[in-house]
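Visitor: This structure is in structure tokens; I'll ask about it shortly.
Taken together, the values in this text are just the output of simple stated rules run on the coordinates, not laboratory data. Not measured: the values here are computed from a predicted model. For neighbour counting, all protein chains shown are included, and Cβ atoms are generated from backbone atoms with ideal geometry for every residue, glycine included.
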Ligand code: VGL
Ligand code: ZN
């Protein structure tokens, strides 16, 4: 049984460079893959996003930015994690893909036809976003807060996200901030249970 048609599952930046061994590895980042795979069969629409930087991107240290080079367009590090099930991903979005612009919100990305995330979600009459992926304190946070401000009801799957934690509590703080903004923090077990009961968790 699929969640009602007004819901989309958003897989934020589940890329090799954000997983152990990657250029900007997030601790246990690869653990988001199994959670994403377990949720996908229960959603009618699945959106994947990727951080997608040119080689001399403004966010890289050599240009004065905060990060080591990561998610360089066309490299293995920018690929989705190989264990992520692609069979039901309906749309792929790419963001921060021009040299002088960084972006953490996936709403700033575009798909292969140049459409924005908001445009695609509205075309399906989506009103609820369920979010898993990387990283809690950067792209998940920014996307989720942007989604709230655009009028979506947003659910963050707490066991399906992991944080960079430049400071040790950044991930926790980001979750608190999202919660204060009206975001629902739910576990994958709660999402799957409410699915069987036929309603969305609140
Ligand atoms: C991200 C740091 C730099 C993210 C992207 O996807 O959360 N974090 N670029
Ligand atoms: Zn980046």
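Visitor: Between residue 190 and residue 55, what is the label-to-label distance in nm when each label sits 7 Å out along the Cα-to-Cβ direction?
Guide: 4.6 nm
Visitor: Between 0 and 90 degrees, rounded to the nearest ten: what's the tilt of helix 170-180 against the longest Cα principal axis of the chain?
Guide: So the inclination is approximately 40 degrees.
Visitor: If I model a spin label at residue 123 and residue 83 as a point 7 Å from the Cα along the Cα→Cβ vector, what separation in nanometres do I get?
Guide: For residue 123 paired with residue 83, the spin-label model returns 3.3 nm.
Visitor: May I ask what percent, to the nearest 5, of DSSP beta bridges between residues of the chain are antiparallel?
Guide: In the chain, DSSP labels about 15 percent of beta bridges as antiparallel.
Visitor: Further, regarding this structure: Jot down the per residue volume, in cubic angstrom and as a whole number, of the convex hull over the alpha-carbon atoms of the chain.
Guide: Numbers: hull volume 22.1 nm³, N = 202.
Each residue corresponds to 109 Å³ of Cα convex hull volume.
Visitor: How do the peptides 118-124, 63-69, 94-100, 132-138 rank, highest first, by the average count of neighbouring beta carbon atoms within 10 Å per residue?
Guide: 132-138, 94-100, 118-124, 63-69
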